[in-house]
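Enquirer: Take a look at the following structure, please.
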Amino acid sequence: MAAARIEHIDTPEGRALWREMLDILPGLQAVLNFVTNRQPSSVSGKLFWYQTELFERWFFRIPSPHTARMIHSADSWTGRHQTTFFRFPDAPEMILASYGGSDRFPMGALLLTSPSGSPASGVAFSTRNLSGLTEDVPEMFQAFAPADRHRIPVLSSATALVDASPSEDPMTLGLMKEASTLKSWRQPVALAIREESFDPSPIQPDRPATIEGSQPPANQAGHVSFYL
């Protein structure tokens, strides 16, 4: 697949690209409106809406770009630059991405693939620093090969990746505590903490917290991984 065209939607190039994407699939506007309307409801220092839903049920819901009915996300792929891409069985040509660790990984980009092999298109609507997003995209497309999109596996587990130091960053520790106190937490879902010296005792004992050190996230079909 040729290199993807990705622009920020708040630029002339991004607005032009977005119009092209809407010409192909007009229902993308409803998806963008839904995500951007949900985003402000996430108070600074609190879990984003999609993170909460992933803890509770391993998937989050958005309107279908085809029918406007609510559909579920499937498994994800997390890149080396901390971008997480989510695919959708009922809209296999569409991918949503969360990125931007300084902003606690809001949902921030929408990509539209092309079955013809022409370049994929994408607009970002979060932070303007797109370097990590664009660098992770090629490997993501290799993982989410076009031939596999219509055979997306059933979800089997989820992992929330904690890359910042909970011991030194009160906001990170607060997010972990908030997640561990959610009334509904679908098992198996784990908190994977990169700080090897962290004491997980502040986390509720029935909510697993694993220490993974500096290992990269494990991407596998049917698994959801995402950053806090």
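The values are calculated or read from the model by the stated rules, or taken from the named source; none is laboratory data. Source: prediction; values computed, not measured. Reconstructed Cβ throughout: ideal geometry from the backbone, glycine too, with neighbour counts over all protein chains shown.
Enquirer: Looking at PHE48, is it surrounded by 15 or more Cβ atoms within 10 Å (Cβ to Cβ) and touching a Ser or Thr at 6+ places or on another chain (Cβ under 7 Å)?
Expert: So PHE48 passes the test.
Enquirer: Of all residues in segment 60-102, how many are under 17 Å from ASN33 (Cα atoms), touching a residue at least 60 places away in the same chain (Cβ under 8 Å) and of a type in the set (Phe, Trp, Tyr)?
Expert: Number satisfying all stated conditions: 0.
Enquirer: Which of the residues that make up segment 51-83 are more than 17 Å from VAL137 (Cβ to Cβ), modelled with pLDDT under 95 and of a type in the set (S, T, N, Q)?
Expert: GLN51, THR52
A quick yes/no check of all residues on (1) among the polar types (S, T, N, Q); (2) assigned to a loop (DSSP other than H, G, I, E, B); (3) modelled with pLDDT under 85:
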site	(1), (2), (3)
PHE85	no, no, no
PRO92	no, yes, no
GLY117	no, yes, yes
ASP136	no, no, no
GLU139	no, no, no
VAL154	no, yes, yes
SER165	yes, yes, yes
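Enquirer: Please work out if LEU32 is in contact with a helix residue (DSSP H, G or I) (Cβ under 9 Å, 6 or more places away or on another chain), crowded, with 18+ Cβ neighbours inside 10 Å and not in a helix (DSSP H, G or I).
Expert: On the way: in contact with a helix residue (DSSP H, G or I) (Cβ under 9 Å, 6 or more places away or on another chain): yes; crowded, with 18+ Cβ neighbours inside 10 Å: yes; not in a helix (DSSP H, G or I): no.
Here the answer is no, as LEU32 does not meet what is asked.
Enquirer: Filter segment 74-84 down to the residues that are more than 13 Å from ALA221 (Cα to Cα) and buried (at least 24 other Cβ atoms within 10 Å of the Cβ) and list them by number.
Expert: Correct list: THR83, THR84.
Enquirer: Would you say GLU20 is touching a residue at least 12 places away in the same chain (Cβ under 8 Å) and either assigned by TED's automatic domain parsing to the domain that holds LEU110 or touching a Pro at 6+ places or on another chain (Cβ under 9 Å) (or both)?
Expert: Values: touching a residue at least 12 places away in the same chain (Cβ under 8 Å): yes; either assigned by TED's automatic domain parsing to the domain that holds LEU110 or touching a Pro at 6+ places or on another chain (Cβ under 9 Å) (or both): yes.
Yes.
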